[in-house]
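Have a look at the structure below before the remarks.
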Amino acid sequence: MLETAAVYWESKVRIYGFREKTGLSLFTLIFPIEHTEYWGTHIQAMAEENGSFDLVFSQEINENFLQFCVVFDEKSGSFHRQRIENAAKNDDRTILTLDFPVEMISFHGPHFQDRYGIASAAFDALEKAHFNVLASGCTGTSINIILPEKSARPAVEHLTETFIIPQADGL
Amino acid sequence: MSDKKLILVVDDDPDLVESLAIKLESENFRVAKAYDGVEGMDEIKKERPALVILDVMMPRKDGYTLCNELKNSEEYKGIIIVLLTAVTDAINSTNYTHMGGKTTLADDFVPKPIDLDKLMEIVKDNLQ
Amino acid sequence: MQNACSENIGKIRVGGIKLSSELVQYNLYRNTPTNITLSSFLRCFAENRINLTFLSLKNSKTGSVSSFCVAVNDFTRVEGLVKSHISTEHRCKIITPVGTITVFPHHHSFILLGRVISILEKARIPIHALCTSLSSLAINTDYQLLEPAVEELLKVLDLPSNHAPFFSEPDLKMINQ
């Protein structure tokens, strides 16, 4: 079976639009890899309390530990904070940190998963304007960037010099 | 039975399907989703959408083929089809010849990417 | 430690699962306070037309962790670029070959996320990295474990009956803009 893929470079990268979210909580858990199942069941339990996430990513810190990051909106963050803190207290090898409030910019575009230079264009634009990127997760055709409070709007203004949202008129 | 019109989104990019679904639902449409032309045809048979937003480049069955199957079918030719075309596939009319002689009978087309608000206008215009 | 919730027997309906081709995952660690955004790495990859299929980054007061994936065919070129860019402050781990399992849509659901993580851990299938997009959950594991991982996932996930094959061969289009 063939799957379509496209590789090309645009001087201004076309996207479907920016989404900005403010008042978010970024929870970071560092726990032993063998505790993954324990945290998996706690994550499921959050769903039983009508929780949902805005972004999740995990990374291996070393051979033994995982770093697991979850971004919640304000309502879900305050709701789940107690559960996560209690679960972390019951696991004395887990380290929990919370960044609040943080903001997230998300955008996506055609064939981003196949095209070189997309993340570079985004991070270059932010670095040139001295934005402090707290975290980022890019997969599929999506780019998600976590920034400190009051940064998302000005960051989008800088990103619009690199990324454009085409209109139907004049095409 | 809901009065909301059903729109089927067919694209092999799950992120685009999701963002279109969010936008369409916020505009009071019901949304069905499929991730290639084969799944798209099955959804059309099952759900009978009023309009299909259909990607061109897809695995298993591309958008041109699915579009032409629908438009040549007595049963399905009334379903409105808006083709999503990729950067190099931009065209300036429907009923056109493209991709090595393939023709399509789509009702409308939209080059990718496009502002989603603009796409909503095109969807609403076609459903009037 | 006690687990938080009981087994839920119903499968979760998803739209699909895709498996990637062979990839190489780089984990880069820097243990000094930093605001680095990987810009110099990313610029270098872009100049060399190397695509990153996956990227995650976490900066903190004590350092930074970043993970990215490239196609296995780009490994030799990437190896040289990484070596020329990392300093003594960096630690680098290479995992090869890895593959990405993409499950979609996730509906921002903790049930889906929790079950996927739990079932893979229970089957001793490593999760080298994980990241969500707008609609998809992407999980990196050993390439040779992709199909066993799907077998495990299908114990908790329900796919459409007409689902496409998990692997696909890219039909590549080079477009000159």
Point to revise | the stretch B:26-45-the stretch A:52-110 distance, computed between alpha-carbon centres (Å) | key: 33 Å
Review point. Using unit Cβ charges (K, R positive; D, E negative) and no other charged atoms, how large, in debye to the nearest 20, is the dipole of chain A about its Cα centre?
Key: 360 debye
Review point. Where the Cα atoms of the stretch C:24-96 are projected onto their three principal axes, how long is each span, largest first, in whole Å?
Key: 35, 23, 21
Exercise for review: Measure nothing fancy, just the Cα-based angle from helix A:74-89's long axis to the longest principal axis of chain A, in degrees from 0 to 90, nearest 10.
Suggested key: 40 degrees
Review point. Peptide B:31-40: average number of partner chain Cβ atoms within 10 Å per residue?
Key: 4
Practice item. Give the Rg (one decimal place) followed by the Dmax (whole number) of the protein assembly as shown, computed from C-alpha coordinates and expressed in Å. Key: 22.0, 69
**Study point:** Net charge dipole size for the protein assembly as shown [Lys, Arg +1 and Asp, Glu -1 on Cβ; Debye, nearest 20]
**Key:** 520 debye
Review point. When chain C is treated as a GNM, springs tying every alpha-carbon pair under 10 Å, which of C:134, C:52, C:19 comes out with the largest mean-square fluctuation?
Key: C:134
Point to revise | Sorted peptide list for A:21-32, B:32-43, criterion being average Cβ within 10 angstrom, highest first | key: B:32-43, A:21-32
**Study point:** Shape call, the stretch A:24-100: gyration tensor on alpha carbons, a/c limit 1.5
**Key:** prolate
**Study point:** Cα extents of the stretch A:14-58 along the three principal axes, largest first (Å)
**Key:** 42, 24, 19
Check your understanding: If you line up the long axis of helix A:36-48 against the longest principal axis of chain A, both from Cα atoms, how many degrees apart are they, to the nearest 10?
Key -> 80 degrees
Review point. Averaged over B:14-27, how many beta carbons belonging to a partner chain fall within 10 Å of each residue's beta carbon?
Key: 5
Review point. Within 10 Å of each Cβ of A:129-136, how many other protein chain Cβ atoms are there on average?
Key: 5
**Study point:** Contact order relative to length of the stretch C:24-96, as percent, for alpha carbon pairs under 8 angstrom and 6 or more apart
**Key:** 49 percent
Check your understanding: Toward the positive end of the charge dipole of the protein assembly as shown, about the Cα centre and with charges on Cβ (Lys, Arg +1; Asp, Glu -1), which of B:116, C:71, A:122 goes farthest?
Key -> A:122
Practice item. Before anything else, pin down the relative contact order of chain A: Cα pairs under 8 Å, at least 6 apart, normalised by residue count, whole percent. Key: 34 percent
Check your understanding: What is the dipole size for chain C, taken about its Cα centre, with +1 at each Lys and Arg Cβ and -1 at each Asp and Glu Cβ, in debye to the nearest 20?
Key -> 520 debye
Practice item. Sticking to Cα atoms, compute the Rg of chain C to one decimal and its Dmax as the biggest Cα-Cα distance, whole number, in Å. Key: 17.9, 57
Check your understanding: For the protein assembly as shown, what does -39500 (n - 2.57) per DSSP helix run (n ≥ 4), summed and divided by total residues, give at 222 nm, in deg cm²/dmol to the nearest 500?
Key -> -8500 deg cm²/dmol
Exercise for review: Counting only DSSP beta bridges with both residues in the protein assembly as shown, tell me the antiparallel percent, nearest 5.
Suggested key: 75 percent
**Study point:** Among C:46, C:59, C:28 the positive-end extreme of the charge dipole of the stretch C:24-96 (Cβ point charges)
**Key:** C:59
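No lab work stands behind these numbers, since they all come straight from the coordinates. Fair warning: this is a prediction, and the values are worked out from it, not measured in the lab. As a convention, Cβ positions derive from the backbone with ideal geometry for all residues, glycine included, and neighbour counts pool all protein chains shown.
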